[in-house]
Structure formats: structure tokens, C-alpha cells
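> The structure is given below, and queries will be raised subsequently.
The values are calculated or read from the model by the stated rules, or taken from the named source; none is laboratory data. Please read all numbers here as calculations on a predicted model, not as lab measurements. Counting neighbours? That spans all protein chains shown, and the Cβs are built from the backbone with ideal geometry, glycine included. These area figures cover heavy atoms from the full protein model, side chains too; ligands, DNA and RNA do not enter into them. Shrake-Rupley method; radii C 1.70, N 1.55, O 1.52, S 1.80 Å.
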Amino acid sequence: MKSGRLFVWFQHVLPQHALSRLVLRATRVRAPWFKNWLIRGFLRLYKIDMTEAVQPDPLRYGSFNEFFTRALKPGVRAVAMGPREIACPVDGTISEAGKIDGVSLLQAKGRYYTLEELLASRAWATHFAGGTFATIYLAPFNYHRIHMPLHARLRETVYVPGRLFSVNAATASLVPRLFARNERVLTLFDSAFGEFALILVGALNVGSIATVWAGDITPSPRRVATALPPENVELDKGAELGRFNMGSTVILLFQKDRARWHDELRAGAVVRLGQSLGELS
């Protein structure tokens, strides 16, 4: 715990946005010697199954970012296609999942934040009161594209400025309202089962957050919550929604009485893109 508090203190004094902009530039350098040095260093730190990737040779990617956001081979992840099944949008680990207590979501043991804080006081924040949530952490070694949990039409995309704290378990347990303080992108969708929201939370060293309809949304010169121009976007279950250019967290929200998670979906559970997280009603 002492080392965790020291890490959090260090994050408070770091120039978080400047560091993330530096990471963004470095990970997009295309000079072979430099990008290969970054990729080899990353592979020494983390065990990556490159046989799952469309391009299995890590040094064939044009930049570290292209390697990090690599595409998977078709069929590597089976998507739960039952009409009421909720497909997991990412590879990762469940930080927390369960019912939204009125308007409060559990961040970590003893720490909560509100829908209004997370959703930057958007008018539709109250639509998820008493609903269901799941927070999924993507570690650096995970696949970093985000996919649709069900078929839906985009209603709104909102950029919300904020800090860039790490989103690992140690930081989540120590930083109040972490996910409501970090920079993030809110996406609201309409489906056959009502509205749902998918929040893409930025973090320390996350170079950028992108969606398939808007491209890179962060980093942004805007320092106020901004609704992006509306887009006529309809995506199938399992379709790519966006990507993190470095690791982070997604938060999935459903309206009251719409979603029921499977019993095994609890803090610490490892999940894979496409697996069934629960059922809709």
C-alpha cells in the first residue's frame, strides 16, 4: 500500500498530458531502428500471442502504434451472437461490475462515483439510474481494439477533458472518483433493448483514443466537454467501435432492468472479446 501511495503521489506531480503527447509522438515514429527497439522492449516485458494477429511478425508493423493496435485474425474471438446476449467489447479484466446504486457506481472497495460525474452532466445521465455497469481494465498486453456489445445505432459522442491517472487496480483503490476525473470519450447508443453507453477512459501514457467514425478524438485542444458533430452510424454486434493507443479502461452502462450479468462476472475475472457477459431483457 505504501508503494501504491507513492505511485499515486508521483502521478499527481507528473505533467500527465505532456507525457502522453510525447508517448503519442514516439509510438508513431516510423524509423525502423526506433520502432523496432520499442517493439522488442515491449515484447521483453510482456508475453504477447502474435499467432492471433493478422500480421504475426511484430517487426513488420510500420510503427509501435500499429503493432500495439494490431488487428486479430478473423474468427480468433467467437462473438456471442444470441439475440439477448451481451458480447464483451474487449479483452481485459473486470475491475467491478454490478448494479448502479441509485446514481452511484462502485470504483473499488469503499470508493464510489456518480453517473452525473462520469457522464459530465449530460441530460441522459439519469437514464442509467438503478441500471447495470461493468468496468473492464485493459492491461498493456491485451488486444486494444474495442468492439460493439450488441447491434445499435449511435446517438451521441462526447469528448470530456480531464486528468490522465493510471487506471490500474492500485490507483483505482486510492484516487477518489478516478474514472470521473480522467479524460474520456462517451458514446451513447440506441438498441432494440433500450439505450446503453460505452465510456472509453483515458489514462497515463494513453497516446490517443479513437473511434471508427471520428478518428482520433484525444488528445484534444478542447478543454471543455464537447459533443462531436452527429454521425449516422449503425454498427453490428462484434463490429469495431474504436481503439486505445496504449492501455486503459472501458465502462459499459445499461438502463434499469435491461441487463443481468452472469454470476462469474465479478472483480478480477479475466474476460475475452466476444464472450457472453450477460443477458438482456
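> Give just the number: which of (1) of a type in the set (Lys, Arg); (2) at pLDDT 95 or above; (3) open to solvent by 50 Å² or more (accessible area, probe 1.4 Å); (4) over 25 Å from Ser191 (Cβ atoms) does Lys47 not satisfy?
(2)
> Starting from segment 224-244, keep only residues that are among the basic types (Lys, Arg), then list their pairs with residues that are modelled with pLDDT of 90 or more and open to solvent by 60 Å² or more (accessible area, probe 1.4 Å) whose Cβ atoms are within a distance under 8 Å, requiring at least 6 positions of separation or different chains.
What qualifies is Lys237/Met81; Lys237/His151.
> If you don't mind, there's one more thing I want to ask. With the condition kept exactly as written, say whether any residue in segment 123-146 is surrounded by 23 or more Cβ atoms within 10 Å (Cβ to Cβ) and touching a Pro at 6+ places or on another chain (Cβ under 9 Å).
Yes: one or more hits.
> To continue, here is another question. Of everything in segment 229-273, what is open to solvent by 50 Å² or more (accessible area, probe 1.4 Å) and charged (D, E, K, R)? Give them in sequence order.
Glu231, Glu234, Asp236, Arg243, Lys256, Asp257, Arg258, Arg260, Asp263, Glu264, Arg266, Arg272
> Quick one: which strands (runs of 3 or more DSSP E) lie wholly within segment 109-172 and hold at least 1 residues that are closer than 22 Å to Val224 by Cα and either under 19 Å from the mean Cα position of the chain (by Cα) or not hydroxyl-bearing (Ser, Thr, Tyr) (or both)?
Numbers: elements: 111-114, 132-137, 145-147, 152-160.
Counting at least 1 such residues, we get 111-114, 152-160.
> Sort through Val185, Val160 and tell me the only one that's more than 26 Å from Ala269 (Cβ to Cβ) and of a type in the set (A, V, I, L, M, F, W, C).
After applying the criteria, what remains is Val160.
> Look through segment 84-112, keep the residues that are small (Gly, Ala, Ser) and more than 16 Å from Leu200 (Cβ to Cβ), and return whichever of them is surrounded by the fewest Cβ atoms within 10 Å (Cβ to Cβ).
Restricting attention to segment 84-112, the residues satisfying the condition of being small (Gly, Ala, Ser) are 87, 92, 95, 97-98, 102, 104, 108, 110.
Remaining after also requiring more than 16 Å from Leu200 (Cβ to Cβ): 87, 97-98, 102, 104, 108, 110.
Details: Ala87: 21, Ala97: 22, Gly98: 15, Gly102: 10, Ser104: 14, Ala108: 18, Gly110: 7.
The extreme case among them is Gly110.
> With respect to Val79, is the statement that it is open to solvent by 10 Å² or more (accessible area, probe 1.4 Å) and part of a loop (DSSP other than H, G, I, E, B) true?
yes
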